[in-house]
Amino acid sequence: MAEAQNIPVGSTTAGAVAVAAESTVATRMSAPPSFDVADFPVPHGREEEWRFTPLERLRGLHDGTAVATDEGLKVEVQVPEGVTVETVGRDDARLGKAGTPVDRIAAQAYSAFEKAGVITVPKETVLTEPIRIAVHGEGGTAFAHQVVELGAFAEAVVVIDHTGDAVLAANVDYVLGDGAKLTVVSVQDWDDKAVHVAQHNALIGRDASFKSVVVTFGGDVVRLHPRVTYAGTGGEAELFGLYFTDAGQHQEHRLLVDHNVPHCKSNVVYKGALQGDSAHAVWIGDVLIEAKAEGTDTYEMNRNLVLTDGARVDSVPNLEIETGEIVGAGHASATGRFDDEQLFYLMARGIPADEARRLVVRGFFAELVQQIGVEDIEARLLEKIEAELEATV
């Protein structure tokens, strides 16, 4: 699998795979963020930020015709002792603190929700059990807002598990106090007809550490927009992603890491596998190093493994640097089929071809599954990967 590093764009293409890795509009030229839906025109698919997204399958989330229904969502929250769970109104000052909507759907979600959930981990609290948020769609349309806030030097793991059938637009905010450590595992295991569009905002305090693991399997259309900004020096962000795109599915992950303060780090690794006709995965990785962000150390990588004909990957890494006083910055993007040498090596040692293919895919995803750190979720995802592979070979 060929790879391009430390250059504005890079990609390879294999077989029936179409890969786009051309430079996009610079992040400085993007539409300014806003909480007001009216500040964003209705997209038509020709805009840079929408050109890969099948707008006709968004069920009205992009043009304002989607209306919340009574069947929306069932949300269950389980928290360890000492954690506060609140349901608040739109006027709560903690809402929107981590980030502002950057597209029309995120602004629509912010304008349309009635109640928001706020989970607070007090300062210096170290949780030994994860916070679990189960989001189950019951066939309707919903707009949602969730805040997870950690006080100074608190440590927590949050698992957000999406299942069922829904049309969902949401904003999720993570606010980390100084020295806090937060790991978030977001699982998209929707039914086949679900549509899920969400913006994830992380605001990282001084010397705080944030790790995000996004896992996407289900849904008709899933479009996630993780964003990271820093509130103080010494912050670190790790963004990991794993997706398995089946026939007809559209899975899109659009990331932005904004290095807006000095001496912070970020590392992005997303991996995907695709199979089936019209399976479409999109990965956009934007990293902005502002002029004041001296001492930045950042790297991003996207790799895709195409299992069958008829699948398409669009992988676009972007790196925008406004200062030369940095520790390091680079990116890589690669897409390809199975490595014939790996398969030959395994088969030469008596491993049947089907099992050899499974081993290659398991190894491809192994490092990301291990980043989850929650045993039952890891086991479930490995089972899910195995089930997907059974349908392939």
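Looking at 377, 351, just one residue is of a type in the set (Val, Ile, Thr) and open to solvent by 40 Å² or more (accessible area, probe 1.4 Å), and that residue is 351.
Conditions tested, residue by residue: (1) open to solvent by less than 10 Å² (accessible area, probe 1.4 Å); (2) within 30 Å of residue 380 (Cα to Cα); (3) touching a helix residue (DSSP H, G or I) at 6+ places or on another chain (Cβ under 8 Å).
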| residue | (1), (2), (3) |
| --- | --- |
| 243 | yes, yes, no |
| 253 | yes, yes, no |
| 263 | no, no, no |
| 278 | no, yes, no |
| 283 | yes, yes, no |
| 301 | no, yes, no |
| 315 | yes, yes, no |
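Reported count of residues in segment 88-107, each being farther than 18 Å from residue 176 by Cβ and touching a strand residue (DSSP E or B) at 6+ places or on another chain (Cβ under 6 Å), is 3. Here segment 31-46 is the region considered, the condition is being buried (at least 16 other Cβ atoms within 10 Å of the Cβ) and part of a loop (DSSP other than H, G, I, E, B), and the residue that is modelled with the lowest pLDDT is 33. For segment 113-142, what are the residues that are open to solvent by less than 40 Å² (accessible area, probe 1.4 Å) and farther than 16 Å from residue 155 by Cβ? Across segment 113-142, the qualifying residues are 113, 116, 117, 118, 133, 135, 137, 140, 141, 142.
Taking the criterion of being open to solvent by 30 Å² or more (accessible area, probe 1.4 Å) and under 15 Å from residue 178 (Cα atoms), the residues of segment 143-158 that qualify are 149, 152, 153, 155. Pairs under 6 Å by beta carbon, first residue of a type in the set (D, E, K, R) in segment 173-193, partner open to solvent by 10 Å² or more (accessible area, probe 1.4 Å) and part of a strand (DSSP E or B), six or more apart or different chains? Going by the 6 Å Cβ cut-off, the qualifying pairs are 181/155; 181/209; 189/163; 191/165; 193/165. Note on segment 298-326: residues that are more than 25 Å from residue 365 (Cα to Cα) and without any contact (Cβ under 8 Å) to a residue 40 or more places away in the chain total 6.
The values are calculated or read from the model by the stated rules, or taken from the named source; none is laboratory data. As the structure is a computational prediction, the values presented were derived from the model and not from experiment. No Cβ is skipped: glycine too gets one built from the backbone with ideal geometry, and neighbour counts run over all protein chains shown. Protein only, heavy atoms only, side chains kept; ligands, DNA and RNA dropped before computing areas. Shrake-Rupley method; radii C 1.70, N 1.55, O 1.52, S 1.80 Å.
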